[in-house]
1. Going residue by residue through segment 83-96, is there one that turns out to be of a type in the set (Gly, Ala, Ser), assigned by TED's automatic domain parsing to the domain that holds Ser35, in a helix (DSSP H, G or I) and without any contact (Cβ under 8 Å) to a residue 24 or more places away in the chain?
2. Is there any pair with a first residue in segment 41-53 that is free of Cβ contacts under 8 Å to residues at least 60 places away in the same chain and more than 16 Å from Thr19 (Cβ to Cβ) and a second that is of a type in the set (A, V, I, L, M, F, W, C) and part of a helix (DSSP H, G or I) whose Cβ atoms are under 8 Å apart and which are 6 or more apart or on different chains, and what are they?
3. As an exercise: evaluate Val50 against (1) modelled with pLDDT of 85 or more; (2) not polar (S, T, N, Q); (3) not assigned by TED's automatic domain parsing to the domain that holds Gly15 and give the number of the one condition it does not meet.
4. Lys90 passes all but one of (1) surrounded by 12 or more Cβ atoms within 10 Å (Cβ to Cβ); (2) under 19 Å from Ala7 (Cβ atoms); which number fails?
5. Sort through Glu58, Glu41 and tell me the only one that's surrounded by 12 or more Cβ atoms within 10 Å (Cβ to Cβ), assigned by TED's automatic domain parsing to the domain that holds Leu10, of a type in the set (Asp, Glu) and closer than 15 Å to Ala7 by Cβ.
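The values are calculated or read from the model by the stated rules, or taken from the named source; none is laboratory data. Everything quoted here is computed from the prediction, not taken from an experiment. As a convention, Cβ positions derive from the backbone with ideal geometry for all residues, glycine included, and neighbour counts pool all protein chains shown.
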Amino acid sequence: MEDILKATLLYDFYGELLTQKQKDVFEYYYFNDYSLTEIGEEFDISRQAVSDLIKRTENLLLGYEKKLMLVKKFDIQKQNVRRIKNLAEKIEKSVSSLAIESAVSEIKAIADEILD
């Protein structure tokens, strides 16, 4: 299941860099849950050719991520936004002005990380 989620997330980020056939086969396999045989029949290619095309496409997507790291950066931003939310909740519950100043400083630092 985790492999499917990772592959589809990579596709969300880098899918437009694929050829139309790569996109179509990937979508049939991952999004429409077609078997290799069904995809082969749809595109008039062998089951093995479908398997090879899917593996090549997955490797392309992994290669794009290795070079561009957009998914990694996205995950870091999500973590930082969670930290911001937690700090805001601390501020909400806080009664000490020193605690508020500290939390606000950390919020600014996180915001700077996101902007860089």
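1. Narrowing segment 83-96 to residues of a type in the set (Gly, Ala, Ser): 88, 94, 96.
Imposing the further condition that a residue be assigned by TED's automatic domain parsing to the domain that holds Ser35 reduces the set to none.
No.
2. Here the result reads Arg47/Leu36; Ser51/Leu36, each pair linking segment 41-53 to a residue that is of a type in the set (A, V, I, L, M, F, W, C) and part of a helix (DSSP H, G or I).
3. With respect to (1) modelled with pLDDT of 85 or more; (2) not polar (S, T, N, Q); (3) not assigned by TED's automatic domain parsing to the domain that holds Gly15, Val50 is out only on (3).
4. It fails just one condition, (2).
5. On the way: Glu41 fails: closer than 15 Å to Ala7 by Cβ.
On inspection, the qualifying residue turns out to be Glu58.
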